[in-house]
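Written out below as structure tokens is the structure these notes cover.
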Amino acid sequence: CHRCPHLPTRPYEKSEKPCMLSEYMERYPLHPITLPRGSFKPKEVYKMAQIPMEGISTTKRDYIAREVLPQKLKPLQKHVKSDDSMDFTSTYKQDYNSYPNSQVPPCLPRVMRHIPSAKMDAITTYNDDYVLWNEQKTELIRPKDRFHPSEEKFDHTTVVQDDYLYRGPVATQSCKPLNLVQKSKAPFENITNYRVNYVPHPLEKRYVHKYEKYKVNEVPFDGLTTHKVSYKRLAGQPAKLAKPYQPKLLHDLPFSSTTEFQEKYQAWPQPPVFTKKPDVYLPPLEKMDLHTTSQMHYKRPNGKPAKMCRSLAQLIKSTEPFNSSSIMKEDYKPWLYERLKPITHAPELTFPAKPMDCLTTFQTHYVRHPLTVTKSYKPGWSGPKHDTLLDDKTIYATSYTPKAIVRCLASYKDPPGYVFEGSDADGHNLYLPASKSECLQGDH
């Protein structure tokens, strides 16, 4: 209700954009934008230690190779078979006995509902407190409708039906020329230029390309690569094993092929499987009637099989034998060649006789070192201590008090306490307070 509903009414400027003039824009104008103040928080800059870093890690310093002793195995106890039979009873069957179940009565108290006898007041708080004002209905700000429908009866005819009358078909004269070509009675000649002028020429013999014979290179293949020629490995000793020797302890007891399951759980005797003897098949004495319903009821009256209208292909059998030779068989003949043997060199790598210890460089060389605690350069907190109470009194809580909602003066047709002065080019009504208008009249 604080927004101006008028559209601009200037004679030379026409636009459909609404006016942005409002009470809020007049009372609360825009203030210049101020940048936020800078932060007083100290910058967290990492300070590097001036002492040079050691090349020894915690693993190198702490992890030392210990002497590994052979593992002591406990002697296996000999299994003694017991003569007692298994009772197949459990603690659940012995201790937990079944009891008769009984339905438990509900423990909830009975709800006593109190139904009042007085009549309900159906008036709501909104209808009781909010009363309509005795204000006149505001008139709509829009031009008067000048359209008045005619009182004459509508004849339901269009302009085309009234003005364009049907004149009837018009006889037009054809401008197509007459076909004066006379058909000849002479028979049609089937001789063409192609049949008269074309002369069949004999085909030339097909050109066959002659390939040069493959010549074997006389220089023997050395089998050397750039890697073998340029990169020569240095002579070095194989790595020594650092793993201690662990002898395996073997006992002399023979392995038992029987298990506890095979000894205690024996197979139950199974009764013989009951089999039913099949009945003896007796063939029926009567003969089977092989006639179907279609053969008995649907009989063709003097029907003949349909004749084939397709003409049989007349195959011309030649007396000459079939020539199975082709250009592929004549020109491309298999070569006689021998399979080349692979050029293999003798192995130059010698493998050690001792087994691999499976230890890495990390496990053998890296020793653990004690941790170095770095000093924290974080500045101390200079703010208030935790014992002091927070002051919750602000300027908003002390000075700003709630105010009553005042009705906007723009909603009145004639706002009270103001005198109408005139209207501007945009169509806005201008009002002055009654006190100022009396002072201006007294001065004149």
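Every number in this text was worked out from the coordinates using simple rules, so none of it is lab data. Quick caveat, the model's predicted, so the values are computed rather than measured. Here Cβ is always computed from backbone atoms with ideal geometry, including for glycine, and neighbour counts include all displayed protein chains.
Please work out which option in (i) 485; (ii) 150; (iii) 1640 gives volume of the Cα convex hull per residue in Å³ calculated from these coordinates, and answer with its label. Computed from these coordinates, volume of the Cα convex hull per residue in Å³ corresponds to label (iii).
Computed FRET efficiency, Cβ-Cβ of Asp222 and Met53, R0 51 Å: what is it to the nearest 0.05?
0.45
Here the gap between Glu23 and Thr91, fully extended at 0.36 nm per residue and compared with their Cα-Cα distance, gives a gain of 15.6 nm. When you restrict to C-alpha pairs under 8 Å that are six or more residues apart and normalise by the size of the chain, the relative contact order lands at 42 percent. Under a Gaussian network description of the chain, with springs only between Cα atoms under 10 Å, the residue in Asn134, Asn97, Asn190 that fluctuates furthest is Asn190. Between Leu285, Leu69, Leu140, which gets the highest mean-square fluctuation from a Gaussian network model of the chain, Cα cutoff 10 Å? The residue that fluctuates most here is Leu285. For Arg233 and Tyr337, what is the calculated FRET efficiency with R₀ set at 41 Å and r taken between the beta-carbons, to the nearest 0.05? Efficiency for this residue pair is about 0.60. Each label was represented as a point 7 Å from its Cα along the Cα-to-Cβ direction; for Val419 and Ala118 these points are 5.7 nm apart.
Between Thr192 and Glu260, the simple spin-label model (points 7 angstrom out along Cα→Cβ) gives 10.3 nm.
Adding -39500 (n - 2.57) for every DSSP H run of four residues or longer, then dividing by how many residues the chain holds, sets the calculated 222 nm ellipticity at -3500 deg cm²/dmol. Between Val131 and Ala65, the simple spin-label model (points 7 angstrom out along Cα→Cβ) gives 10.6 nm. Between Gln173 and Val406, full extension at 0.36 nm per residue minus the direct alpha carbon distance yields a gain of 74.9 nm. Multiplying the residue separation of Thr275 and Leu30 by 0.36 nm and removing their Cα-Cα distance gives an extension gain of 77.6 nm. Given the options Tyr265, Tyr194, Tyr431, state which has the largest fluctuation in a GNM of the chain using a 10 Å cut-off (strictly under) for Cα springs. Ranking Tyr265, Tyr194, Tyr431 by mean-square fluctuation puts Tyr194 first.
Residue pairs exceeding 29 angstrom between C-alpha atoms, taken from Lys205/Lys333; Lys41/Lys403; Lys60/Lys228; Lys60/Lys243; Lys232/Lys341; Lys60/Lys240: Lys41/Lys403; Lys60/Lys228.
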